[in-house]
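The values are calculated or read from the model by the stated rules, or taken from the named source; none is laboratory data. Values in this document were obtained by computation on a predicted structure and should not be read as measured data. Note that we place each Cβ from the backbone using ideal geometry, even for glycine, and neighbour counts take in every protein chain shown. Surface areas here come from the heavy atoms of the whole protein model, side chains and all, with no ligands, DNA or RNA. Shrake-Rupley method; radii C 1.70, N 1.55, O 1.52, S 1.80 Å.
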Amino acid sequence: MKLKLIAEDGKEIDAYSDEGYKLVAELWTKVSVQHKLMYEPTWLGIPIIQYPGDVLMMQELIWKLRPEVIVETGFAHGGSAIFYASMLELLGRGKVISVDIEIRQYNRVAVQSHPLSHRIETIEGSSVDPAVVAEVKNRIGDGHKVLVTLDSNHSYEHVLKEMELFAPMVSSNSYLVAIDGAQALVSDIPRGKEEWRDDNPLRAIHEFLERNPEWEVDPYYNRLLVTSNPDGFLRRRPEC
Ligand SMILES: C[S@@+](CC[C@H](N)C(=O)[O-])C[C@H]1O[C@@H](n2cnc3c(N)ncnc32)[C@H](O)[C@@H]1O
């Protein structure tokens, strides 16, 4: 069956072509954000606010890297912390340090009573507060292989600040994952906000890369196309 897409300028695009594939992925991202798909999944019983494919990509990265410490900003219900902890449990070592400006009591209790709670430490405070950043560094300690994921406030300014503060914690050849760059794509959906067009993590990522040549995007973890994290998997170059 032929399937044609008609772009805004009237151009016809074959949905099965590479161009069509990319466009359908972009449309799916927009429509699924409109329908709040990322609020649907749970991981081992706890809500995780991620696209299923992004969880799969992160699983691949963690299994390959075998980090000893995973630092995340943005705990929310604790689902991503439990997911990272479950991977570390399979690796037989390591801990998650999760920062959130507000950890609600019922979320804290749910995670504390989870069988993987022994691998999770939380810090309540803003991820750009120097005291919080110092506490994270203190808890990482020395010589560990560290992976950082940023999933808190998704404004351009906040993410750029987080990137500058947390990137130095990432070990050589490890990754800094900046989540929700797709906010840049969804400013024009019915539940989107006009200001997201400029105020988004993707802009912060690109500016961070310009200022910090020791970092590069690893496109491998965007190969499913449908993602909340375009250009979000940043690798510290091995020699740096
Ligand atoms: C998108 S949710 C995190 C989702 C979670 N990582 C997951 O996958 O389930 C964003 C979280 O960031 C937190 N947050 C917002 N501003 C923050 C800040 N300045 N510092 C730390 N956390 C912040 C919010 O309280 C919220 O819980």
When we measure straight from the Cα of residue 11, which lysines land under 23 angstrom away, once same-chain ones fewer than 8 places off are left out?
2, 22, 30
Relative contact order for the chain: what percent, with Cα pairs under 8 Å and sequence separation of 6 or more?
18 percent
In whole angstrom, the spacing between the Cα centers of the stretch 131-179 and the stretch 64-98 equals 14 Å
Express the carbon and sulfur contribution to the solvent-accessible surface of the chain as a percent, rounded to the nearest whole number, probe 1.4 angstrom.
53 percent
What nm distance separates the two modelled labels at residue 6 and residue 164, each placed 7 Å from Cα along Cα→Cβ?
4.8 nm
Contact order relative to length for the stretch 41-181, counting C-alpha pairs under 8 Å separated by 6 or more residues, stands in percent at 24 percent
Starting from 0.36 nm per residue, how many nanometres of slack lie between residue 56 and residue 218 once their C-alpha separation is accounted for?
56.8 nm
Suppose all protein chains stay in the model; what accessible area per residue would a 1.4 Å probe give for the stretch 123-240, in Å²?
45 Å²
Peptides ranked, highest mean first, by Cβ atoms within 10 Å: ranges 180-189, 71-80:
71-80, 180-189
Quick one: which of 5-15, 139-149 comes out on top by average Cβ neighbours within 10 Å, and what's the full order, highest first?
139-149, 5-15
At 222 nm, what helix-only mean residue ellipticity would the chain give, in deg cm²/dmol to the nearest 500, using -39500 (n - 2.57) for each DSSP H run of four or more?
-11000 deg cm²/dmol
How big is the accessible area of residue 83 in square angstrom, nearest 10, if you roll a 1.4 angstrom probe over the protein chains?
0 Å²
Determine the equivalent ellipsoid of the chain by diagonalising the alpha-carbon gyration tensor, then write out the semi-axes as square roots of 5 times the eigenvalues, largest first, rounded to whole Å.
31, 20, 18
